[in-house]
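Trainee: Dumping the structure here so I can ask a few things about it.
The values are calculated or read from the model by the stated rules, or taken from the named source; none is laboratory data. No experiment lies behind these values; they were computed from the predicted model shown. Note that each Cβ is placed from the backbone with ideal geometry, even for glycine, and that neighbours are counted across all protein chains shown. Side chains included, ligands, DNA and RNA excluded: accessible areas come from the protein's heavy atoms. Shrake-Rupley method; radii C 1.70, N 1.55, O 1.52, S 1.80 Å.
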Amino acid sequence: MAWSTRELADLAGTTVNAVRHYHQRGLLDQPDRRSNGYKQYGVPHLVRLLQIRRLRDIGVPIAEIVRLDAGVGTSPEVLSDIDADLAETIERSERARAEIADMIEHGSVTDVATGFAGVAPRLSASERSLTLIYAQLYQPGAMDDVRRMFDADPDPATAKFESLPADADEPARERLAEEFAGTIAKALESYPWIDAPETQLRQSVRSTAVAMAETMRAIYNPAQLDVLERATKLARARADRDPEG
């Protein structure tokens, strides 16, 4: 039994162009020709083509198959590299599927980080932006804590902080700093890593610090930044005075 190029390609589940390419790369021997000039492939060609296709299907580069010449298989190092790439692809796919499921459940919300679609309706525009940036800076465990913070009952001090105008006067800032310090103190107590986040970072300490500083300046107005700085200092001072802190 002899097969034409088209018949061989169909049997092997590949294309005529692929067969021709394997001939050009020296991976597949040229067949004999009939008296009319047409190629006639045999079982050895089919077996070899199936071997090549199997390697290509799992991602072995053609250059690696060429290197092995007539050999069948590949090195453990190449297979390990391919396996690592596949594992990374699977992980990305699983994350994408989880995000899609979250969007289907809560609506197509794209202006918050993955996992935050459920709490998105209660977040301000600045808080939504923060979730996206936090997700690039902090590990998943820290993001779980951030989501719990956002999912907690609305805090009056936080609402006042979010709506504080840029021209807020000194007494207003001072009052809000005192009130907001309580909110920050509770967060520091519940999630100690906030004050020492090194173990929760996805980026370097410096890159994270720079990104957070730029983000805060872009998201909040000068009055809010002033209140945030004051409230944070007050919260830390109170923790230092607390015997259990």
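Trainee: If I model a spin label as a point 7 Å beyond the Cα along the Cα-Cβ vector, how far apart are those points for SER190 and ASP32 in nm?
Mentor: 8.2
Trainee: Okay, next question. At 1.4 Å probe radius, can you tell me the per residue accessible area of segment 103-158 in Å²?
Mentor: 52
Trainee: Could I ask something else about it? Any idea how far apart GLN24 and ILE58 come out in nm if each label point goes 7 Å out from Cα toward Cβ?
Mentor: With each label placed 7 Å out from Cα toward Cβ, I get 2.7 nm.
Trainee: Would you give the gap between the C-alpha center of segment 95-160 and the C-alpha center of segment 189-241, rounded to a whole Å?
Mentor: Measuring centre to centre over Cα atoms gives 18 Å.
Trainee: With a point put 7 Å past each Cα toward its Cβ, work out how far LEU11 is from ARG236 in nm, to one decimal.
Mentor: Between LEU11 and ARG236, the label points sit 7.6 nm apart.
Trainee: For every helix of n ≥ 4 consecutive DSSP H residues, a contribution of -39,500 (n - 2.57) applies; sum these over the chain, divide by its total residues, and give [θ] at 222 nm rounded to the nearest 500 deg cm²/dmol.
Mentor: That comes out to -21000 deg cm²/dmol.
Trainee: Mind checking the per residue accessible area of segment 1-73 for me, 1.4 Å probe, whole number of Å²?
Mentor: 62
Trainee: Here's something else I'd like to know. Order TYR134, TYR38 by their accessible area, 1.4 angstrom probe, all chains in place, largest first.
Mentor: TYR38, TYR134
Trainee: Shifting gears a bit: From the protein chains alone at 1.4 Å, what is the descending order of accessible area for ILE58, ILE82, ILE104, largest first?
Mentor: In descending accessible area the options line up as ILE104, ILE58, ILE82.
Trainee: Given the options SER163, ALA125, GLN136, identify the residue whose Cα lies farthest towards the positive end of the charge dipole of segment 113-245 (+1 on Cβ of Lys, Arg; -1 on Cβ of Asp, Glu).
Mentor: Farthest towards the positive end: GLN136.
Trainee: I'd like the Karplus ³J(HN,Hα) series for segment 188-204: coefficients 6.51, -1.76, 1.60, θ = phi - 60°, whole numbers in Hz, and an x wherever there's a Gly or Pro.
Mentor: Those phi angles translate into 5, 6, 6, 10, x, 4, 4, 8, 9, x, 3, 6, 10, 8, 9, 10, 5 Hz.
Trainee: Still on this structure, I have one more. Along segment 151-157, what does the Karplus equation 6.51 cos²θ - 1.76 cosθ + 1.60 (θ = phi - 60°) give for ³J(HN,Hα), rounded to whole Hz, x for Gly and Pro?
Mentor: Those phi angles translate into 7, 5, 4, x, 9, x, 5 Hz.
Trainee: Residues with amide H under 5 Å of LEU201's amide H, sequence separation 5 or more or different chain, H placed in the peptide plane at 1.01 Å from N; which?
Mentor: The list, which skips near neighbours in sequence, is GLN139.
Trainee: Report, ordered by chain and residue number, the lysines lying within cross-link reach of LYS233, taken as a straight Cα distance under 28 Å and ignoring same-chain residues fewer than 8 apart.
Mentor: LYS160, LYS186
Trainee: Moving to a separate point now. Where is the GNM fluctuation largest for the chain (alpha-carbon springs, 10 angstrom cutoff): GLN224, GLN139, GLN51?
Mentor: Among GLN224, GLN139, GLN51, the largest mean-square fluctuation in the Gaussian network model of the chain belongs to GLN51.
Trainee: Karplus couplings for segment 43-59 from phi (6.51 cos²θ - 1.76 cosθ + 1.60, θ = phi - 60°), rounded to Hz, Gly and Pro as x?
Mentor: Karplus values, whole Hz, x for Gly and Pro: 4, x, 5, 5, 4, 4, 5, 5, 5, 4, 5, 4, 5, 5, 5, 8, x.
Trainee: Quote the relative contact order of the chain in percent (integer), defining contacts as alpha-carbon pairs under 8 Å separated by 6+ residues.
Mentor: Relative contact order for the chain comes out at 13 percent.
Trainee: So for the chain, considering every pair of alpha-carbon atoms, how many percent are separated by more than 25 Å?
Mentor: Distances greater than 25 Å cover 62 percent of the Cα pairs.
Trainee: What is the set of long-range amide H partners of LEU28 at a cut-off below 5 Å, with H atoms built 1.01 Å from backbone N?
Mentor: Amide H to amide H, under 5 Å and 5 or more residues apart or across chains, LEU28 pairs with HIS23.
Trainee: Hey, another quick one. How large a share of the accessible area of the chain, in percent, is made up of carbon and sulfur atoms when the probe is 1.4 Å and the other protein chains stay in place?
Mentor: 52
Trainee: Just to be sure I understand: with springs between alpha-carbon atoms less than 10 Å apart, which residue in GLY37, GLY59, GLY118 has the highest mean-square fluctuation in the Gaussian network model of the chain?
Mentor: Fluctuation is largest for GLY37.
Trainee: Check each of the trypsin sites (Lys or Arg not before Pro) in segment 1-66 and keep only those in coil by DSSP with at most 15 other C-beta atoms within 10 angstrom; list them in order.
Mentor: ARG25, ARG34
Trainee: Given Cβ point charges of +1 (Lys, Arg) and -1 (Asp, Glu) and nothing else, what value in debye, to the nearest 20, does the dipole of the chain about its Cα centre take?
Mentor: Around 1560 debye, computed over the chain.
Trainee: Which one of ALA235, LEU201, SER190 is farthest out on the positive end of the charge dipole of the chain, using unit charges on Cβ (Lys, Arg +1; Asp, Glu -1) and the Cα centre as origin?
Mentor: LEU201
Trainee: Along the charge dipole of the chain, Cβ charges K/R +1 and D/E -1, which of ALA113, TRP3, TYR22 sits furthest on the positive end?
Mentor: Farthest along the dipole direction, towards plus: TRP3.
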